[in-house]
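I have placed the structure first, in the form of structure tokens, so that the comments after it can refer back to it.
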Amino acid sequence: MCAQCTTKANGAAQPQPPATEQLLAAILTELQSMKATQASFEQKLESLALPPTSPHFSALGSPSTSGINLPALDGSPIITPFVSKPSETPKSPSIVAKKDAGPYSQRVILTTYPGQVGIHPIPLKWGAPSSAERGPVVASRHVNSLKVRNAIGAHSGSYSIYRALAAAQGLIDPNHRPDYTNTEPPVDITWNPSWDDKTKIVSIDPYGHLAPQVFKSFFDAGVDIRPTISVTKAHIKLIDMDEAVRSGSLEVDGKIVVKTPTEWINANRAASAEAKSARAEDDAASKQTLYSNFDAGVELNVSKAALEPVWYLPGIAERFGITEGALRRSLFEDTGGMYPELLTRHDLKTFLPPIGGMTVYIFGPVEYIHDETKELTLRIHDECNGSDVFGSDICTCTCRPYLIFGIEEAVKCAQRGGVGIVIYFRKEGRALGEVTKYLVYNARKRGGDNAADYFRRTEDIAGVKDMRFQALMPDVLHWLGIKKIDNMISMSDLKHDAIVNSGIPIHKRYEIPEDLIPPDSRVEIDAKIAAGYFSTTSVTDLSKTAGRLWEDLQH
Ligand SMILES: Nc1nc2c(ncn2[C@@H]2O[C@H](COP(=O)(O)OP(=O)(O)OP(=O)(O)O)[C@@H](O)[C@H]2O)c(=O)[nH]1
Ligand SMILES: [Zn+2]
């Protein structure tokens, strides 16, 4: 970590406000002194007698059997019908598991309330000017974290469900403490002013990759601190880059593009040739081929970062121009009521949603990203598994060709002395999911595949043509410290507008080259151009652009 980042991350320059400091110190002291049981932990936290934290709570009165009326943030009353009996002091609605509690306690806490006895969230001040003032994100229901957790939801996005499966089978201790030795990033993604700006970053935790280091005191005190970002280095190998080098469009420079080592391959091939020769199975010519040097192509040097979503709910609501209350209610309803605390804990502003995140691939020096004198190329790519990985023709899209074009341009930019970035978002099928996507394909192939109807078919089935909501996408660019984009490899007006509106100028846009558009994808491209996507060409009659129907395809 660089000196500037360490200073910012540790918050040495800016002392914490006294109230926060006292509360934090009290909680930490208690956690440190806590020896064993949950009961003694509860007693100790209760004895701290800290005041209720939410202004809403004082207006509640006593919980009743029929539920309690919590004022929603937009003013309308919402009912949380979970409380079982009246009480002077709010208690966690809970049930007692008669059997099958597994590794958990018999008493199941269904939800919690602000100001409830024993509930003292570690302060989390989104956008605060140092990591110490900002505070860690704690979402865990780990025995030492439940009473101090300050985020709703669970770590690892959708993979939290797999962790639950492992716990249910007794394969993982729910209170397992991770060992973070040697897991720190090998390259520095360093602090920049956007980390302190709660309007610039609302959907990821800018300290996510540094959490085990900058929040070590919490971890040492027993709190379940987890990174939501990890950074590493790798070589990636793509057959398209082998081809680009063979065709002369890409050069091997020994730094970004390196030759794939062939020693071990040649050794294996020689061994295989010997074996075949011993069995006298092969003719002399093929033995000769096996012995000769094999061109294994090239590999690309990358630094990469995996990011899980961490949502600051007021900031997310503001981005979409809705109230926080409406956002919370909708998240609660559309996840099958999975997170009651969205409604009961208005004091908790952070939510870890059960969705996929993104991966950043960086070609060239990471420190060039925030150096405005260096050229920067960017491709924002939304997942299309069928095309990206399997090259499916039914996808009738330009996804993989555009991704490969983006990677090649990013690499070339790094070779010219700049930096290239490709960001891969898990937003399959325009974030409608693959099931919906295939239904759309079927409807297109059966009902006449033409550009005029391209978006309408999706809308007919899904109710909306796109749910990627690019408004949150630029957060990762601000986390990286991008100040301007020289070359944007995308035709999307939505991606362009979201980036520019977030304060990052785009100097030049590149559409997918004509020769990379697969035969069936003209429908998609023309529909997009007509809908406002960037292109140097224009389309006059959309109904004339038609794709293949199933009858035209060989099965
Ligand atoms: N639901 C649905 N999703 C699609 C379809 N075709 C592509 N996608 C998805 O759309 C996303 C890619 O978007 P595209 O429309 O190809 O392009 P874009 O990202 O908007 O713009 P560019 O940056 O110019 O590529 C991926 O998530 C694909 O899985 C389709 O017919 N139906
Ligand atoms: Zn696709």
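Numbers for the structure displayed
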{"item": "Candidate set: the stretch 344-382, residues that are closer than 25 Å to W479 by Cα, crowded, with 23+ Cβ neighbours inside 10 Å and among the charged types (D, E, K, R); chosen: the one nearest to ligand 2 (Cβ to nearest atom)", "result": "D382"}
{"item": "Residues satisfying the stated conditions in the stretch 214-228, i.e. within 24 Å of T190 (Cα to Cα) and of a type in the set (A, V, I, L, M)", "result": "V214, I225"}
{"item": "Positions within the stretch 229-279 being closer than 20 Å to S303 by Cα, surrounded by 15 or more Cβ atoms within 10 Å (Cβ to Cβ) and of a type in the set (G, A, S), in sequence order", "result": "S230"}
{"item": "Tabulated pairs, the stretch 383-396, first closer than 16 Å to Y424 by Cα and among the charged types (D, E, K, R), second in a loop (DSSP other than H, G, I, E, B) and more than 8 Å from ligand 2 (Cβ to nearest atom), C-beta under 7 angstrom, 6+ apart or interchain", "result": "E383/R426; E383/K427"}
{"item": "Complete set of residues in the stretch 421-459 that are in a helix (DSSP H, G or I), of a type in the set (A, V, I, L, M, F, W, C), more than 14 Å from C395 (Cβ to Cβ) and touching a residue at least 12 places away in the same chain (Cβ under 8 Å)", "result": "A431, A443, A451, A452, F455"}
{"item": "Which listed residue, of V389, V419, is within 14 Å of ligand 2 (Cβ to nearest atom) and of a type in the set (V, I, T)", "result": "V389"}
{"item": "Given (1) at pLDDT 95 or above; (2) surrounded by 18 or more Cβ atoms within 10 Å (Cβ to Cβ); (3) over 27 Å from P474 (Cβ atoms), index of the condition S145 fails", "result": "(1)"}
{"item": "Looking only at the stretch 311-360, and only at residues there that are in a loop (DSSP other than H, G, I, E, B) and among the polar types (S, T, N, Q), the one that is nearest to N501 (Cα to Cα)", "result": "T323"}
{"item": "Options T344, T359; residue that is of a type in the set (S, T, N, Q), within 16 Å of ligand 1 (Cβ to nearest atom) and in contact (Cβ under 8 Å) with a residue 60 or more places away in the chain", "result": "T359"}
{"item": "Qualifying residue in the stretch 358-370 (condition: closer than 17 Å to G208 by Cβ, polar (S, T, N, Q) and out of contact with any Asp or Glu (no Cβ under 6 Å at 6 or more places or on another chain))", "result": "yes"}
{"item": "Qualifying residue in the stretch 162-178 (condition: modelled with pLDDT of 95 or more and either touching an Asp or Glu at 6+ places or on another chain (Cβ under 8 Å) or hydroxyl-bearing (S, T, Y) (or both))", "result": "yes"}
{"item": "Residues within the stretch 462-478 that are over 18 Å from the mean Cα position of the chain (by Cα) and within 16 Å of ligand 2 (Cβ to nearest atom), tallied", "result": "3"}
{"item": "Contacts under 6 angstrom Cβ, first residue in the stretch 318-339 being of a type in the set (K, R), partner assigned to a helix (DSSP H, G or I), 6 or more apart", "result": "R319/A471; R328/L342"}
{"item": "Considering residues of the stretch 292-320 that are out of contact with any strand residue (DSSP E or B) (no Cβ under 9 Å at 6 or more places or on another chain) and closer than 23 Å to V258 by Cα only, the residue modelled with the highest pLDDT", "result": "F294"}
{"item": "Odd one out for L494, checked against (1) near ligand 1 (Cβ under 9 Å from one of its atoms); (2) outside any helix (DSSP H, G or I); (3) surrounded by fewer than 22 Cβ atoms within 10 Å (Cβ to Cβ)", "result": "(2)"}
{"item": "Residue in the stretch 248-256 that is closer than 26 Å to I161 by Cα and not in a strand (DSSP E or B) present", "result": "no"}
{"item": "Breaking point among (1) away from ligand 2 (no atom under 14 Å from the Cβ); (2) under 30 Å from L313 (Cβ atoms); (3) modelled with pLDDT under 95, for T458", "result": "(1)"}
{"item": "Count - residues of the stretch 374-420 that are modelled with pLDDT of 95 or more, within 13 Å of ligand 1 (Cβ to nearest atom) and not in a helix (DSSP H, G or I)", "result": "8"}
{"item": "Residues of the stretch 397-424 that turn out to be hydrophobic (A, V, I, L, M, F, W, C) and under 28 Å from V523 (Cα atoms), as a count", "result": "9"}
{"item": "Selected residue (only one of P513, P518, P505 is modelled with pLDDT of 95 or more and not basic (K, R))", "result": "P505"}
{"item": "Output for the stretch 473-491, where each listed residue is within 15 Å of ligand 1 (Cβ to nearest atom), outside any strand (DSSP E or B) and touching a Lys or Arg at 6+ places or on another chain (Cβ under 7 Å)", "result": "M473, S490, M491"}
{"item": "Odd one out for G115, checked against (1) at pLDDT below 50; (2) assigned to a loop (DSSP other than H, G, I, E, B)", "result": "(1)"}
{"item": "Within the stretch 502-525, considering residues that are out of contact with any Pro (no Cβ under 9 Å at 6 or more places or on another chain) and of a type in the set (V, I, T), the one nearest to N487 (Cα to Cα)", "result": "I506"}
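The values are calculated or read from the model by the stated rules, or taken from the named source; none is laboratory data. Small disclaimer: the values here were computed from a predicted structure and weren't measured. Note that we place each Cβ from the backbone using ideal geometry, even for glycine, and neighbour counts take in every protein chain shown.
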